[in-house]
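The values are calculated or read from the model by the stated rules, or taken from the named source; none is laboratory data. Being a predicted model, the structure only gives us computed values, none of them experimental. Cβ coordinates were reconstructed from backbone atoms using ideal geometry, including for glycine residues, and neighbour counts include every protein chain displayed.
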Amino acid sequence: MNTIRRHLRPSPPFDFAKTLDYLGSSAGTVLEVVDDRSYRRAVRLGGKPVLIQLAEGVSRSDSAELLFEVTGEDLQSQDGRRAQEWVRRTFCLDAQVDELAVAGTTDPVFREVLEQCWGLRPVLFPTVFEALAWAIIGQQINVGFAATCKRALADRYGDRLVVAERSYPMFPEPERLAGLSEADLAPLQFSRQKSRYIIGLARSVVEGRLNLEELQQLPAGEAEERLTSLMGVGRWTAEYVVMRGLGWRDTIPAGDGGLRRVIGRHYGLGRNATEPEVRALAERWSGWRGYAALYWWYILQREERKSRPG
DNA sequence: ATCCAGGCTCCTG
DNA sequence: CAGGAGCATGGA
């Protein structure tokens with residue numbers, strides 16, 4: 001076991017504390033260890049299990065600095081490079097977010113959102129497969145319960161990485177899930193329908209019908225189309241994965257229940273916004289609709305955390 | 001009990 | 001092709 005350390009400089013504005021606060025309070029964050037100043041998570045990079053650790057460094061002037069560590073078995077410099085690229089991509093460290101400010105100038109409601117979210121960065125899923133599985137698990141059930149299901153899936157079928165006498169869970173590989181039957185997931189409180197979708201997805205990957213590497217190379221619209229052709233993946237799921245798994249910044253899951261709720265509330269509709277309404281509104285965030293979605297979820301989380309602590 | 005929760009598929013008219 | 005029923009689960 002050895003560790004490689006680096007310093008990373010995110011493009012400003014970057015508010016690590018805010019990003020961690022949101023990430024750590026999100027129900028779906030079950031495989032990460034997050035506190036108010038650091039992040040830890042075990043992932044496979046190039047097939048090799050590693051522990052990624054991030055902490056805030058000394059901030060010079062206005063640009064924050066991140067301390068980054070990767071720990072694993074017999075790490076070479078190329079592993080360090082690979083891990084660093086993974087972090088830059090997963091935490092969107094190179095995003096030129098200041099362009100987004102323009103979208104707020106004509107919309108007082110969204111300007112308020114922008115101010116509260118300034119510096120908040122999206123955190124992508126470690127893999128597209130995990131994003132897809134999480135989106136399917138989360139369909140039409142409350143996110144707390146979805147988190148329970150995800151955790152159970154990882155505990156039962158995922159590998160673990162032990163570093164410094166501490167054990168970190170990893171999300172199951174498609175190969176592992178492809179061999180399961182519906183009966184295997186029933187004890188984890190997956191509905192039959194969801195079990196079918198998840199297992200079918202894993203098999204698609206293993207059998208090569210769904211090439212996740214290739215998916216990364218496609219334009220957002222084509223990736224969305226490709227995803228929607230899978231059983232169990234509708235428009236919401238595809239858009240969610242394009243945004244949170246593939247990292248496209250201009251894709252918004254407009255049918256999302258949470259978005260419809262928070263947007264309806266803030267624009268004074270007295271009801272949930274409809275999907276077409278969200279889509280129409282999102283035109284004004286064009287170029288950054290995915291960031292807008294993130295920001296709205298952040299607002300929603302804060303509002304609903306206040307009224308329902310825990 | 002009843003309604004809801006970060007939908008999807010399939011079937012109508 | 002738009003709209004709605006039916007679907008599975010657990011939680012409030």
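For residues that are in contact with a helix residue (DSSP H, G or I) (Cβ under 9 Å, 6 or more places away or on another chain) and either among the aliphatic types (A, V, I, L, M) or over 26 Å from A:Ala280 (Cβ atoms) (or both), tally how many sit in region A:93-113. So the count comes out to 9. Is it true that A:Leu67 is closer than 22 Å to A:Ala131 by Cα, touching a Lys or Arg at 6+ places or on another chain (Cβ under 8 Å) and not in a helix (DSSP H, G or I)? Here the answer is no, as A:Leu67 does not meet what is asked.
If you go through region A:242-277 and keep only what is assigned to a loop (DSSP other than H, G, I, E, B), surrounded by fewer than 17 Cβ atoms within 10 Å (Cβ to Cβ) and near DNA strand B (Cβ under 8 Å from one of its atoms), you end up with nothing. For region A:109-125, the criterion of being more than 21 Å from A:Gln301 (Cα to Cα) and not small (Gly, Ala, Ser) is met by no residue. If A:Ile136 meets every condition in (1) in contact with a Lys or Arg (Cβ under 7 Å, 6 or more places away or on another chain); (2) away from DNA strand C (no atom under 16 Å from the Cβ) apart from one, which number is that one? Only one criterion is unmet by A:Ile136, namely (2).
Taking A:Leu215, is it closer than 15 Å to A:Ala133 by Cβ, in a loop (DSSP other than H, G, I, E, B), among the aliphatic types (A, V, I, L, M) and out of contact with any His (no Cβ under 8 Å at 6 or more places or on another chain)? Judged against the criteria, A:Leu215 is not a match. Residues of region A:189-204 that are of a type in the set (A, V, I, L, M, F, W, C) and either surrounded by fewer than 20 Cβ atoms within 10 Å (Cβ to Cβ) or within 16 Å of DNA strand C (Cβ to nearest atom) (or both): A:Phe190, A:Ile198, A:Ile199. Candidates are the residues of region A:182-241 that are among the acidic types (Asp, Glu) and within 14 Å of DNA strand B (Cβ to nearest atom); the one that is nearest to the chain's Cα centre (by Cα) is A:Glu239.
The rows are residues; the columns are (1) over 17 Å from the mean Cα position of the chain (by Cα); (2) touching a residue at least 60 places away in the same chain (Cβ under 8 Å); (3) under 18 Å from A:Tyr240 (Cα atoms); (4) assigned to a helix (DSSP H, G or I).
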{"position": "A:Glu99", "(1), (2), (3), (4)": "yes, yes, no, yes"}
{"position": "A:Arg111", "(1), (2), (3), (4)": "yes, no, no, yes"}
{"position": "A:Leu114", "(1), (2), (3), (4)": "yes, yes, no, yes"}
{"position": "A:Val123", "(1), (2), (3), (4)": "no, yes, yes, no"}
{"position": "A:Phe129", "(1), (2), (3), (4)": "no, yes, yes, yes"}
{"position": "A:Ile137", "(1), (2), (3), (4)": "no, yes, yes, yes"}
{"position": "A:Ala147", "(1), (2), (3), (4)": "no, yes, yes, yes"}
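Is there a residue being over 21 Å from the mean Cα position of the chain (by Cα) and either of a type in the set (A, V, I, L, M, F, W, C) or at pLDDT 95 or above (or both) anywhere in region A:50-66? Yes, some residue in region A:50-66 is over 21 Å from the mean Cα position of the chain (by Cα) and either of a type in the set (A, V, I, L, M, F, W, C) or at pLDDT 95 or above (or both). Scanning region A:165-177 for residues that are surrounded by 18 or more Cβ atoms within 10 Å (Cβ to Cβ) and either hydrophobic (A, V, I, L, M, F, W, C) or in a loop (DSSP other than H, G, I, E, B) (or both) yields a count of 5.
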